[in-house]
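A.B. asks: Please read through the structure below; I'll follow up with questions.
The values are calculated or read from the model by the stated rules, or taken from the named source; none is laboratory data. Since the structure is predicted, the reported quantities are computational estimates derived from the model, not experimental observations. Cβ placement follows ideal geometry from the backbone for every residue including glycine, while neighbour counts extend to all protein chains displayed. Protein only, heavy atoms only, side chains kept; ligands, DNA and RNA dropped before computing areas. Shrake-Rupley method; radii C 1.70, N 1.55, O 1.52, S 1.80 Å.
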Amino acid sequence: MKISKNIKEEEIEAIFLAERNEEQQKILSRFFKTGKGEYGEGDQFLGIRVPRTRAIVKEAKLRIEFKEIGKLLDSPWHEVRLCGFLLLVEEMKANLPRKSDKDTIVKDNARKEIATYYLANARKANNWDLVDLSCEYIIGPYLRLNTPQDYGILYRLAESDNLWEQRIAIVTTLDLIRNGIFEPTLLLADKLKCHHHDLIHKAIGWTLREIGKRDKETLLDYLEKNYASLPRTTLRYAIERFPEPERRFWLTRKL
């Protein structure tokens, strides 16, 4: 694959279109629930696997302007939009602080610009993989490294009327959890636990499980206070790593 120095959206999209795989396209369309009334209704796939998309991103990263990334995010093709979001992830990675940095202001400003751009295009991450492969690596570091720390963005996303922005809110906290910051996850779990959609129930359970891997007492305390009101899917995900007798205790515990 040969990509020019100053990359344009058309060049990247042409690579994807040339590698279209109709058989894989059918598989992905079913897997990501694109049928009528399903959560991915109307989304269009080219049938290209994620490792191939990542290979294209590797060649194109840090060589494409935001306006060109924006064109990728506007594409009707799922894999092209994923490419755009992964390019934003690479932009954020390049602007994480390092010990050798003498002037942090440039990177601070860049992280804000990248996060703001991502949030402006958040609804284009309109399936769970687009959300999960981008938000924790873009919004997570931005909020964690920002001074002063303010997680209000996540709470506002959780109050959105858009399923994908709501999932962004909770999945973003995986970055915070990895860095020992649990409170935003617990607050968002409370805010979203009565949500109607299974994709949110799973995301809450996933993040609670990750807290438990690092601080089981915090998870147990949360479960003690909230297990009766948690969706069953959330509870199962949250206690997935518990020993079998302990899992059985929580699953059979009476209200």
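A.B. asks: Please sort by residue number the GluC sites (Glu not before Pro) in the stretch 55-152 whose DSSP state is loop and whose Cβ has at most 16 other Cβ atoms within 10 Å.
C.D. replies: When the GluC sites (Glu not before Pro) of the stretch 55-152 are filtered for loop state and at most 16 Cβ neighbours within 10 Å, 65 remain.
A.B. asks: Report, in listed order, any pair from 67/193; 67/191; 93/124 with a Cα-Cα distance greater than 25 Å.
C.D. replies: From the list (67/193; 67/191; 93/124), the Cα-Cα distance tops 25 Å for 67/193; 67/191.
A.B. asks: If you don't mind, there's one more thing I want to ask. Can you list the equivalent-ellipsoid semi-axes of the stretch 1-133, largest first and in whole Å, using the square root of 5 times each Cα gyration tensor eigenvalue?
C.D. replies: For the stretch 1-133, the semi-axes come out at 28, 17, 12 Å.
A.B. asks: Enter the Cα centre distance for the pair the stretch 198-255 and the stretch 19-65, rounded to the nearest angstrom.
C.D. replies: Value for the Cα centre distance between the two parts: 32 Å.
A.B. asks: Okay, moving on. What is the ratio of the Cα radius of gyration of the stretch 95-138 to 2.2 N^0.38 Å, where N is its residue count, to two decimals?
C.D. replies: Compactness ratio reported: 1.40.
A.B. asks: Mind checking the angle between helix 78-94 and the chain's longest principal axis? C-alpha axes, 0 to 90 degrees, to the nearest 10.
C.D. replies: In the chain, helix 78-94 runs at an angle near 80 degrees to the longest axis.
A.B. asks: Also: About the Cα centre of the stretch 137-242, how large is the charge dipole given +1 on each Lys and Arg Cβ and -1 on each Asp and Glu Cβ? Please answer in debye to the nearest 20.
C.D. replies: Using only the charged Cβ atoms, the result is roughly 340 debye.
A.B. asks: Starting from the Kirkwood Rh over alpha-carbon pairs, what translational D in µm² s⁻¹ does the stretch 39-100 have by Stokes-Einstein at 4 °C and 1.567 mPa s?
C.D. replies: The Stokes-Einstein estimate is 103 µm²/s.
A.B. asks: So what are the chain's ellipsoid semi-axes, whole angstrom, largest first, if each one is the square root of 5 times an eigenvalue of the alpha-carbon gyration tensor?
C.D. replies: Largest first, the chain gives 33, 24, 15 Å.
A.B. asks: Now for a separate question. Taking the Cβ-Cβ separation of residue 33 and residue 110 as r and a Förster radius of 45 Å, what is the calculated FRET efficiency to the nearest 0.05?
C.D. replies: The pair residue 33/residue 110 has a calculated efficiency of 0.80.
A.B. asks: Rolling a 1.4 angstrom probe over the protein heavy atoms, how many square angstrom per residue are accessible across the stretch 9-126?
C.D. replies: Using a 1.4 Å probe on heavy atoms only, each residue of the stretch 9-126 averages 54 Å².
A.B. asks: A further question on this structure: Could you give me the ³J(HN,Hα) list for the stretch 23-31, computed from phi with Karplus coefficients 6.51, -1.76, 1.60 and θ = phi - 60°, whole Hz, x at Gly and Pro?
C.D. replies: 5, 5, 4, 5, 5, 5, 4, 6, 4
A.B. asks: Measure nothing fancy, just the Cα-based angle from helix 183-192's long axis to the longest principal axis of the chain, in degrees from 0 to 90, nearest 10.
C.D. replies: Around 80 degrees separate the two axes.
A.B. asks: Only loop residues by DSSP count here, and only those with at most 15 other Cβ atoms within 10 Å; note down the trypsin sites (Lys or Arg not before Pro) in the stretch 56-116 that meet that.
C.D. replies: Answer by residue number: 63, 98, 99, 102.
A.B. asks: Another question, if that's okay. May I ask for the angle, rounded to the nearest 10°, between helix 9-18 and the longest principal axis of the chain, with both axes built from Cα atoms and the value confined to 0 to 90°?
C.D. replies: Approximately 80 degrees, to the nearest ten.
A.B. asks: If you roll a 1.4 Å probe over the chain with all protein chains in place, what percent of the accessible area is carbon or sulfur?
C.D. replies: 50
A.B. asks: How much accessible surface area, in Å² rounded to 10, belongs to the heavy atoms of residue 185 with a 1.4 Å probe?
C.D. replies: About 0 Å², rounded to the nearest 10.
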